[in-house]
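Read through the structure below, which is laid out as structure tokens, and then see the notes.
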Amino acid sequence: MAAGWSRHRRVAAFAVLVAIGLTTTQTAVALPPPPPNPSDSAISAAQAQAKAKADQVGQITSQLSAAQAALQRLQDDVELKQENANKAMVDLQAAQDAAAAAQRGADAAKVAAAAAGKAIDDLRGQVDQFAAGSFEQGAVLGSVAAYLTATSPKDLLERQQLLNDISGSELNILDRMQQARTEKANADSLARAALSTAQAKQAAAAAAKHAADVAIAVAETAAQNEAAQTAQLQANQDALAQQLASAQANVADLRAARQQYLNWLAQKQAADAAAAAAARGRVGGGGVITIIGSGSVADVLRRAMSAIGIMYAWGGGDASGPTRGIHDGGVADSFGDFNKIGFDCSGLMVYAFAGAGVSLPHFSGYQYEAGQHVPLSAIQPGDMLFYSSNGSVSGIHHVTLYIGHGQMIEAYASGFPVRVTQVRYDGGIMPFATRML
């Protein structure tokens, strides 16, 4: 709208004002067609969709967290199973070593048994030889038999002497042979028991190793399945997050469209009010906009009122009219002022007073010092009013133009058009106005 406000149009507007006797307040401002105005139901539906997506994201995030925890537990279980398999492998190796040692013991026992058997055979030969010798001598082997078969005391004494003679040698052959048999039997028994125990342990260790391997396979399968489910949940979460971002962007777009429409509506209402005021002509009092005064003051007021309805643009406005705003890195940028053609508060003053040949700097603090200071009780149309955040010149942040009847015209802030409003005496207004004419 402001971009089409050319110098040629302003001259034409001024001509109309002169024709009606300097009593009108402003000219009608041509507006572009209204932008789309999203319905409340459309905005509500978009908000509900965004909320639903946010809820879904929250739910799947919770599920993903639980799945990740379960996956970690399964991975821990796999590691435990692997450690158990390592233990089983160590135990199996130990059992195999023990079985090998037992087998070597059994083999040694066989060798010892074979040696003992040979010793028994040798002893048996000696016994047979002794028995044969005793037979040839007419003696009976064994102490009990010798005594029982004696035929006379003399025979008994002779047999006793014989037994005494052989008791230190051949007779103990029987004891040694019996001892050899016992040792052979014991060696065989111990070897068989050790081998049996070692083989049992080896079998148990092999079974444990097999069970551990099976457990690892089962645990790894469970972990792989959980990992696949977790990956799917992650993919679903990513997709829902994109959908949520899209839904939120849709809500933002609808709200922005609504705000654009409201901005347009505000401009239209201001333009309609200006047109109505122009049709009514001069009406004093009652808050109706009028031009009071003549000459240079009227020129300043007329110029300022010609800007009514033009949107605020921070940094905008010069002696020739509205200009493109500039970046402020903050609020103005959020309203897109750098893409608008318009005025800021001090820019409007530069433009208004240029109509009377007065050059003002584009800074409200300097404008305050540019003319004569008058108390608020003595202000007249054409005086500039200033607002400060701390009551001093250093805090001045806004300037307006007093037009009479307790009213002022101002480029208020981003998002607002140039407008006429009541003087705000409780908003940090400076106690003195500045009079240029």
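What to note about this one:
- Test: residue in segment 59-82 that is touching a Lys or Arg at 6+ places or on another chain (Cβ under 9 Å) and either assigned to a helix (DSSP H, G or I) or modelled with pLDDT of 80 or more (or both): no
- Residue satisfying all of: in segment 276-314; over 30 Å from Pro35 (Cα atoms), modelled with pLDDT under 60 and small (Gly, Ala, Ser); surrounded by the fewest Cβ atoms within 10 Å (Cβ to Cβ) among these: Gly286
- Hits in segment 65-104 - residues which are surrounded by 17 or more Cβ atoms within 10 Å (Cβ to Cβ), of a type in the set (A, V, I, L, M, F, W, C) and either over 15 Å from Ala205 (Cα atoms) or touching a Cys at 6+ places or on another chain (Cβ under 9 Å) (or both): Ala67, Leu71, Leu74, Val78, Ala102
- Given (1) touching a helix residue (DSSP H, G or I) at 6+ places or on another chain (Cβ under 9 Å); (2) loosely packed, with under 15 Cβ neighbours inside 10 Å, number of the condition Ala219 does not satisfy: (2)
- Given (1) modelled with pLDDT of 95 or more; (2) surrounded by 23 or more Cβ atoms within 10 Å (Cβ to Cβ), index of the condition Gln367 fails: (2)
- For Ile403, the conditions (1) surrounded by fewer than 20 Cβ atoms within 10 Å (Cβ to Cβ); (2) touching a strand residue (DSSP E or B) at 6+ places or on another chain (Cβ under 8 Å); (3) under 24 Å from Ala354 (Cα atoms) all hold with the exception of (1).
- Options Asp238, Asp253, Asp213; residue that is of a type outside the set (S, T, N, Q) and outside the structural domain of Ala112 (by TED's automatic domain parsing): Asp253
- Single match in Ala235, Ala249, Ala273 (criterion: modelled with pLDDT under 90 and part of a helix (DSSP H, G or I)): Ala273
- Some residue of segment 319-339 being in contact with a Pro (Cβ under 8 Å, 6 or more places away or on another chain) and either surrounded by fewer than 19 Cβ atoms within 10 Å (Cβ to Cβ) or at pLDDT 95 or above (or both): no
- Filtering Ala211, Ala241, Ala198, Ala185 for residues that are at pLDDT below 90 and surrounded by 13 or more Cβ atoms within 10 Å (Cβ to Cβ) leaves a single hit, Ala198.
The values are calculated or read from the model by the stated rules, or taken from the named source; none is laboratory data. In this text, all values refer to a predicted model and were calculated from it rather than measured experimentally. Please note: Cβ atoms are built from the backbone with ideal geometry, for glycine as well, and neighbour counts cover all protein chains shown.
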